[in-house]
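Novice: Handing you a structure now.
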Amino acid sequence: MAAAAVAAAPGTLGTLQAGRARWVAACCARLRPGWRLPGSLTGPRAAPAIWARGWAPAVGGSAPRRGYSSEVKTEDELRVRYLEEENRGIVVLGINRAYAKNSFSKNLIKMLSKAVDALKSDKKVRTIIVRSEVPGIFCAGADLKERVKMNPSEVGPFVSKIRAVINEIANLPVPTIAAIDGLALGGGLELALACDIRVAASSAKMGLVETKLAIIPGGGGTQRLPRAIGMSLAKELIFSARVLDGQEAKAVGLISHVLEQNQEGDAAYRKALDLAREFLPQGPVAMRVAKLAINQGMEVDLVTGLAIEEACYAQTIPTKDRLEGLLAFKEKRSPRYKGE
């Protein structure tokens, strides 16, 4: 039924259908010719100038040098690595504030925002891994030493910036994986919740502990945790400020995989890398619209969700990648997708 016809339908059913049509139309608006997903499939690759002071890029698949010094420069607090060779297409965001347990400072939030802004418009990015470069820590949440120096009028706007950056990560158009190899508390767990997939070491600790400080999760935790594990259990964990280890987090569905920690302290990162490698061979356009269809569909009723799926599927039909997939199947070879 055309959107105009649906809008004209009388009564409550017509109202519901009109709302559904508007939702699908809004989704489709991103997907028509010249379509644009969150972050854009068609945006240009970040120019060299985008690597501005405030966050440091690196390339190569080898493990980065970890920072333990209290003299880590602010531009080293977030490291962005474009992996190469068989890992080409995987980007690693490594948080490196050892002296502050990777907590969110004003500077780190600014760096994350710049990094995400560049990544979301980069067609060559296939999967993003968020990890820590500090042993035993993922992210301890907000930097309370910085917070205590803020005027009350500054706190709300700063929390809004944290929430906005976490939302930007949630809206990245490619798969995202949080590798939790250590402590993930408060905003740290909210950062992980914004990722599509979470993996953790059994020794990791995670929880939304804000009620201990007489506040509530402000980076999306009250919304994303119930969606991940269910309302009742999410309320229990938030009300109690309980901290779970990796095994407990896996048991409640908070994470997808739990690993015994290794001597290097990066078991979760290695698992995340394995998962990212599984994603690489798939059609890039299909991966992006699949994520959009899932994310949009989970927020609406089933009928609307199916309409969103239909709209997203339609965008794969005219692509060169789809034809390449069929040809590769016919010729019994691996497809060579270009994201077109």
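Read the figures in this text as sums done on the coordinates, not as results from a lab. Note that this is a predicted model, so its numbers are computed, not measured. Glycine gets a Cβ as well: all are built from the backbone with ideal geometry, and neighbour counts include every protein chain shown.
Novice: Over region 206-311, what is the relative contact order in whole percent, taking alpha-carbon pairs under 8 Å and six or more residues apart? Present the calculation step by step, with values, prior to reporting the outcome.
Specialist: Working: 75 pairs, mean separation 19.3, N = 106.
Reported as a whole number, the value is 18 percent.
Novice: Work from the charge dipole of region 182-327 (Cβ charges, +1 for Lys and Arg, -1 for Asp and Glu, about the Cα centre) and give the residue of Gln247, Leu275, Leu326 farthest towards its positive end.
Specialist: Sorting the options by dipole projection puts first Gln247.
Novice: While we're here: Mind listing the long-range amide H neighbours of Leu259? Cut-off is under 5 Å, sequence gap 5 or more, other chains count too, H placed in the peptide plane at 1.01 Å from N.
Specialist: For Leu259, whose amide H was placed from the backbone, the distant partners under 5 Å are Ala200, Ala201, Ser202.
Novice: Right, something else. Which one, Val174, Leu191, Val148, is farthest towards the positive end of the dipole of region 140-259 when Lys and Arg carry +1 and Asp and Glu -1 on their Cβ?
Specialist: Most positive-ward Cα: Val148.
Novice: Tell me, in nm to one decimal, what length is gained between Tyr313 and Glu331 on full extension, where the rule is 0.36 nm per residue of separation less the Cα-Cα distance? Spell out each step's value before the answer.
Specialist: Working: separation 18, 0.36 × 18 = 6.48 nm, distance 2.42 nm.
Gain on stretching Tyr313 to Glu331: 4.1 nm.
Novice: In sequence order, what are the phi-derived ³J(HN,Hα) couplings for region 196-210 according to the Karplus relation 6.51 cos²θ - 1.76 cosθ + 1.60 with θ = phi - 60°, rounded to whole Hz, with x for glycine and proline?
Specialist: Residue by residue, region 196-210 yields 5, 9, 10, 10, 8, 6, 4, 7, 5, 10, 8, x, 9, 9, 4 Hz.
Novice: Suppose every Lys and Arg Cβ carries +1 and every Asp and Glu Cβ carries -1, with no other charges. What dipole size does region 99-154 come out with about its Cα centre, to the nearest 20 debye? Don't jump to the answer; show the numbers that get you there.
Specialist: Details: 12 positive and 6 negative charges, 38 e Å.
Dipole of region 99-154, to the nearest 20 debye: 180 debye.
Novice: So how much slack lies between Ser153 and Ile216, counting 0.36 nm per residue of separation and subtracting their Cα-Cα distance, in nm? Could you put the intermediate results ahead of the total?
Specialist: Details: separation 63, 0.36 × 63 = 22.68 nm, distance 1.72 nm.
Roughly 21.0 nm would be gained on extension.
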